[in-house]
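K.L.:
First the structure, then my questions, so here it is.
The values are calculated or read from the model by the stated rules, or taken from the named source; none is laboratory data. Fair warning: this is a prediction, and the values are worked out from it, not measured in the lab. Backbone-built Cβ (ideal geometry, glycine too); neighbour counts: all protein chains shown. All accessible areas refer to the heavy atoms of the entire protein, side chains included, with ligands and DNA or RNA removed. Shrake-Rupley method; radii C 1.70, N 1.55, O 1.52, S 1.80 Å.
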Amino acid sequence: MEGGIMNILMINPAVPDTFWSFKHALKFIRKKAVLPPLGLLTVAAMLPEQWSKRVVDVNVTKLTEQDLAWADYAFISGMVVQRESARQIISRCKKAGLTVVAGGPLFTSEYRQFEEVDHFVLNEAELTLPPFLADLAKGCAKPVYQTSEFCDIRRTPAPLWELADMKRYASMSIQFSRGCPFNCDFCNVTALFGHHPRLKTADQIVSELNRLYNKGWRGQVFFVDDNFIGNKKYLKTQLLPALIRWHKDKKGLPLYTEASVNLADDRELMDMMVEAGFDMVFIGIETPDEISLAECNKNQNKNRDLIQSVRIIQRAGLQVQGGFIVGFDSDTISIFKRQIDFIQKSGIVTAMVGLLQAPPGTRLYQRMKEEGRLLGNLSGDNVDGTTNIIPKMGLEELQKGYKAIMNYIYSPKAYYQRVRTFLKEYKPPKFKPGLDFQHLLAFLRSCIQLGVIGKERFQYWKLFFWTFFRRPRLFSLAITFAVYGHHFRKICELRIM
């Protein structure tokens with residue numbers, strides 16, 4: 001094998017129909033998936049240059065017998081929510097006689113449950129892939145490669161975008177940092193990536209954006225960082241000034257990311273993010289209950305008016321998507337109404353509500369294990385109404401209240417009311433993302449599917465004319481939200497009700 005040319009088939013398993021899949025919304029713009037498999041594309045850049053590589057994302061294309069016949073090795077990666085698809089794909093690869101190499105979050109936490117995999121390259125590939133490749137070349141590759149160390153991502157290569165069919169995706173993705181300074185006890189980010197945010201240089205990020213731009217990409221770009229503002233000083237002095245300069249002569253490429261709610265405390269940082277091209281941020285709100293926030297060690301959310309914090313961010317020009325959780329030990333049945341009231345008043349249009357779950361490696365998982373309250377694997381699906389812990393409230397009561405939240409906040413009347421609440425507060429950035437032919441067709445499809453056929457047609461036209469006359473600059477955004485609402489209601493109907 002030493003010096004030989006290998007055919008490497010890199011496979012991204014299917015994501016089921018979930019809240020974040022946006023599958024019912026993507027049909028309006030004729031896209032197949034929200035994001036490409038950034039991890040696989042990055043790992044591809046770490047493999048020997050002379051090897052032939054092919055990426056098959058089964059969310060946008062089929063894994064064919066010809067693909068399997070072409071390959072020498074199958075590299076597979078995925079998240080927990082992709083577990084079932086990963087199992088099926090691994091079995092297909094083994095039946096085809098391929099050696100299977102697996103890595104990524106799913107396998108890092110559950111590798112003992114995948115007996116058909118030949119080699120596991122776990123944790124951060126920058127550290128575990130090189131020894132695997134060295135052993136492979138010598139013919140003595142081990143079953144498992146692990147590390148407790150964290151890599152220097154300034155040495156991480158740019159993804160091989162040429163391996164992805166970019167036209168099939170609604171957004172592209174990029175990674176600036178890994179790690180989070182906080183320590184929420186239900187979150188496995190710090191278990192996977194540590195507490196100290198590790199950063200790429202501003203030059204790296206600009207170079208990666210240039211590669212996307214030069215390939216013709218003009219759509220959204222998601223900074224996948226679990227907490228983009230983990231190092232505010234570097235953002236203000238290095239990255240954001242570089243992005244502001246880069247974005248000045250560029251069309252399109254609106255940016256979005258994830259951050260903690262203390263973003264609201266820094267007006268300068270918000271203004272710089274907006275000037276750099278950011279127009280949306282996901283924030284883990286979790287719960288309006290102070291006792292539950294203390295229970296899960298969500299200290300950054302405590303002792304503040306969370307609705308006011310959300311409005312500050314919205315008025316700065318950033319849409320807020322929110323994550324919410326029910327099922328904390330201190331939760332009572334009043335939490336369901338309180339969550340509904342908070343979500344409606346905040347104007348958080350995209351509100352992901354899930355039951356508390358305990359991922360392996362978290363402090364919550366360890367506590368549940370010690371208390372004999374673990375139920376097995378978590379599903380990885382934030383809104384399927386399942387949990388892998390025994391809740392103190394009682395599972396039946398918890399699921400009943402959870403369904404009540406979801407069915408209310410995504411009912412047409414409540415959802416469209418929330419959209420208007422947001423549009424009244426939001427101050428859009430000066431730049432305008434470019435509209436293409438697909439988005440024009442999506443608008444026409446929405447008029448028919450939502451405005452004529454859909455159950456929400458009265459609310460659709462009410463929002464249509466309200467926005468057209470009251471907030472015309474936000475008309476395109478209002479229609480986008482209407483399409484999102486269609487997807488969220490479908491998820492509620494198919495997965496929750």
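K.L.:
FRET efficiency for Ala294 and Ile5, Cβ-Cβ distance as r, R0 = 56 Å, nearest 0.05?
P.N.:
The formula returns an efficiency of 0.45 here.
K.L.:
Another one. Sorted from largest down, what three extents in whole angstroms do the Cα atoms of the chain have along their principal axes?
P.N.:
Here the spans come out as 67, 57, 48 Å, largest first.
K.L.:
Please identify which residues in the stretch 370-405 have an amide N closer than 18 Å to a label point set 7 Å out from the Cα of Arg495, following the Cα→Cβ vector.
P.N.:
377-389, 399-405
K.L.:
What is the helix-to-structure angle for 412-425, meaning the angle in degrees between its Cα long axis and the longest Cα principal axis of the chain, kept from 0 to 90 and rounded to the nearest 10?
P.N.:
Roughly 90 degrees, rounded to the nearest 10.
K.L.:
Report, in degrees rounded to the nearest 10, the 0 to 90 angle that the Cα long axis of helix 83-95 makes with the longest principal axis of the chain.
P.N.:
Here the helix axis deviates by roughly 20 degrees.
K.L.:
Hey, another quick one. With r defined as the distance between the Cβ atoms of Asn210 and Ile244 and R0 fixed at 22 Å, what FRET efficiency is calculated, to the nearest 0.05?
P.N.:
According to the calculation, E is roughly 0.90.
K.L.:
Excluding same-chain residues fewer than 8 positions from Lys302, which aspartates and glutamates have a Cα within less than 14 Å of its Cα?
P.N.:
Result set, ordered by chain and number: Asp265, Glu286, Asp289, Glu290.
K.L.:
What dipole magnitude, in Debye to the nearest 20, does the stretch 326-378 give about its Cα centre under +1 on Lys/Arg Cβ and -1 on Asp/Glu Cβ?
P.N.:
80 debye
K.L.:
Sticking with this one: For the chain, find the longest principal axis of its Cα atoms and tell me its angle to the long axis of helix 267-276, 0 to 90°, nearest 10.
P.N.:
60 degrees
K.L.:
Please report the antiparallel percentage of the DSSP beta bridges confined to the chain, to the nearest 5.
P.N.:
5 percent
K.L.:
A further question follows. With every protein chain left in place and a probe of 1.4 Å, what is the accessible surface of Phe282, to the nearest 10 Å²?
P.N.:
Estimated to the nearest 10 Å², Phe282 gives 40 Å².
K.L.:
Right, here's the next one. Whenever you get a sec, compute what percent of the accessible area on the chain sits on carbon and sulfur atoms (1.4 Å probe).
P.N.:
It is 53 percent, rounded to a whole number.
K.L.:
Calculate log10 I(q)/I(0) of the stretch 417-494 for q = 0.11, 0.26 Å⁻¹, where I(q) comes from the Debye formula with a single equal point scatterer on each Cα and nothing for solvent.
P.N.:
Result of the Debye calculation: -0.29, -1.39.
K.L.:
Let me ask something else. Taking a 18 Å limit on the Cα-Cα distance, which of the listed pairs Lys23/Lys490; Lys337/Lys403; Lys200/Lys251; Lys23/Lys167; Lys345/Lys455; Lys455/Lys490 fall beyond it?
P.N.:
Beyond 18 Å: Lys200/Lys251; Lys345/Lys455.
K.L.:
So for Thr387, Thr332, what's the accessible-area order with a 1.4 Å probe, most first?
P.N.:
I get Thr332, Thr387, largest accessible area first.
K.L.:
Hey, which lysines would be in cross-link range of Lys142, C-alpha to C-alpha under 23 Å, not counting anything within fewer than 8 residues on its own chain?
P.N.:
Counting by Cα, and skipping residues close in sequence, Lys142 has these lysines nearby: Lys53, Lys94, Lys95.
K.L.:
Continuing with this model, one more query. Could you go through the stretch 230-237 in sequence order and give the Karplus-derived ³J(HN,Hα) for each residue, using 6.51 cos²θ - 1.76 cosθ + 1.60 with θ = phi - 60°, rounded to whole Hz, and x for Gly and Pro?
P.N.:
Taking θ as phi minus 60°, the curve returns x, 10, 5, 4, 5, 4, 6, 9 Hz for the stretch 230-237.
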